[in-house]
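The values are calculated or read from the model by the stated rules, or taken from the named source; none is laboratory data. Everything numeric in this text was worked out from a predicted model, so none of it was measured. Because the Cβ atoms are built from the backbone with ideal geometry, glycine has one as well, and the counts that use them run over all protein chains shown. Ligands, DNA and RNA are stripped out before the accessible areas are found, and what is left, the full protein with its side chains, is counted by its heavy atoms. Shrake-Rupley method; radii C 1.70, N 1.55, O 1.52, S 1.80 Å.
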Amino acid sequence: MLDRFQRKITRLRISVTDLCNLYCVYCRPPQGVHHMPRKEILSFEEITLVARCAAQLGVRSFRLTGGEPLTRRNLKSLVASLSSIPGVEDLAMTTNGVLLRRYAHALKEAGLMRINISLDSLQKERFRQITGGGNIEDVLEGIEAAVDAGFEQVKVNMVVMRGINEDEVEDFARLSMDKPLEVRFIEYMAFGCRMIEEKKFVPGQEVLERIRKEGDLVPADTEASTKAGGASGESSAPGLRSLRGPAKRYRLKGARGVLGLILPVSQPFCGDCNRLRLTSQGKLRACLLSGGEVDLRTILRSEDHAPHVSNGKLNPGLEKALCEAFIKASNMKPAIHSGRGEPVMCQIGG
């Protein structure tokens, strides 16, 4: 499936809920969030139907987001359903980690492959302030549980904010020394058209300079491809970059883990964007910030498409309507986001 700029769409982010058990300062707008009634949120069956259609169109990588996905009851059943779909090569989840200790092993057994954990401070009181009352110990225990469960990748995501946590960049980089983690530093993006809030924005180059104080850095992807005998990451592992995402990856000398930089503001990666987003209310979004969206919930709940599945096969009318909706959303993708949207991250899933 190609968009109008010939970008191949291979990734789908799926928000399973708009609920969250934290109140992070950059995620929720100042006026608060109006949560949707339960009946307006897609069921696990509906999400699985959408994913089946996406896989038929060439989507290979799926990521579960929220809100906080682990607040959705019995999430492991959805993971099991998605992991059994033919064509799914990558199934990941982004979580704040608060509940992860309880569910990490069950999710791994159900078929979840990779996990990203959002963490913006290693200091107990600062973490509490950033998250509106969260307990840092819950997240640290969740990280340990994820590593112990044996996920293919465990990533720790830090949004770097000036005057709030930029002085912890070095501390986060050191997390990669002794543990097989990928610690990723993400440039701060403000809500709506305020793409850069000068008081909080920290450019990736400044983050990289801080990390270099901790030791010698080598490009992790070049390092990996050299060990594999290839000239580049893409040549040694076709499709790897499309599943890995936009991070620029490095390794500190002697470290078990790696470091990643995601630079959506200073070095936008729209030209390589290969994803769509499904909101928890069933809107298929072309772009996080701009473009357009298609209402899949109406399609899924139309009487014309009942039953959804017969003899193990999708209702032909439903399959055709969903495929057309995916193609329509893909063609809504802009060449580059304008920043004129008003995304609510806890409802869209970042």
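Points to keep in mind about this one:
- Odd one out for Lys8 among (1) of a type outside the set (Phe, Trp, Tyr); (2) open to solvent by less than 40 Å² (accessible area, probe 1.4 Å); (3) touching a strand residue (DSSP E or B) at 6+ places or on another chain (Cβ under 7 Å): (2)
- Set side by side, the residues Leu70, Leu22, Leu78 differ, and just one is under 20 Å from Lys283 (Cβ atoms) and touching a Ser or Thr at 6+ places or on another chain (Cβ under 9 Å), which is Leu78.
- Failed condition for His34, given (1) in contact with a strand residue (DSSP E or B) (Cβ under 8 Å, 6 or more places away or on another chain); (2) without any contact (Cβ under 8 Å) to a residue 60 or more places away in the chain: (1)
- Condition check for Arg256: of a type in the set (Lys, Arg), modelled with pLDDT of 90 or more, touching a strand residue (DSSP E or B) at 6+ places or on another chain (Cβ under 8 Å) and over 24 Å from Lys39 (Cβ atoms): no
- Qualifying positions in the range 260-291 - of a type in the set (Ser, Thr, Tyr) and touching a Pro at 6+ places or on another chain (Cβ under 7 Å): Ser266, Ser290
- Subset tally (residues that are open to solvent by 30 Å² or more (accessible area, probe 1.4 Å) and either in a helix (DSSP H, G or I) or acidic (Asp, Glu) (or both)) for the range 300-320: 6
- Within the range 159-183, the residues that satisfy the criterion of being of a type outside the set (Val, Ile, Thr) and over 21 Å from the mean Cα position of the chain (by Cα) are Arg162, Gly163, Asn165, Glu166, Asp167, Glu168, Glu170, Asp171, Arg174, Met177, Asp178, Lys179.
- Residue, modelled with the lowest pLDDT, within the range 321-347, restricted to residues that are open to solvent by 10 Å² or more (accessible area, probe 1.4 Å) and outside any loop (DSSP other than H, G, I, E, B): Met345
- Residue in the range 275-286 that is surrounded by the fewest Cβ atoms within 10 Å (Cβ to Cβ), counting only those that are under 15 Å from Arg11 (Cβ atoms) and under 13 Å from the mean Cα position of the chain (by Cα): Arg275
- One residue from Ser266, Ser290 being modelled with pLDDT under 95, farther than 30 Å from Ser176 by Cα and polar (S, T, N, Q): Ser290
- Filtering the range 244-274 to residues that are open to solvent by 50 Å² or more (accessible area, probe 1.4 Å) and in contact with a Gly (Cβ under 6 Å, 6 or more places away or on another chain) leaves Lys253, Ser266.
- Identity of the residue in the range 100-123, among the hydrophobic types (A, V, I, L, M, F, W, C) and open to solvent by 30 Å² or more (accessible area, probe 1.4 Å), that ends up farthest from Gly66 (Cα to Cα): Leu122
- Qualifying residue in the range 204-226 (condition: out of contact with any Lys or Arg (no Cβ under 9 Å at 6 or more places or on another chain), farther than 28 Å from Leu12 by Cα and at pLDDT below 90): yes
- Some residue of the range 140-150 being surrounded by fewer than 18 Cβ atoms within 10 Å (Cβ to Cβ), modelled with pLDDT of 95 or more and in contact with a helix residue (DSSP H, G or I) (Cβ under 7 Å, 6 or more places away or on another chain): yes
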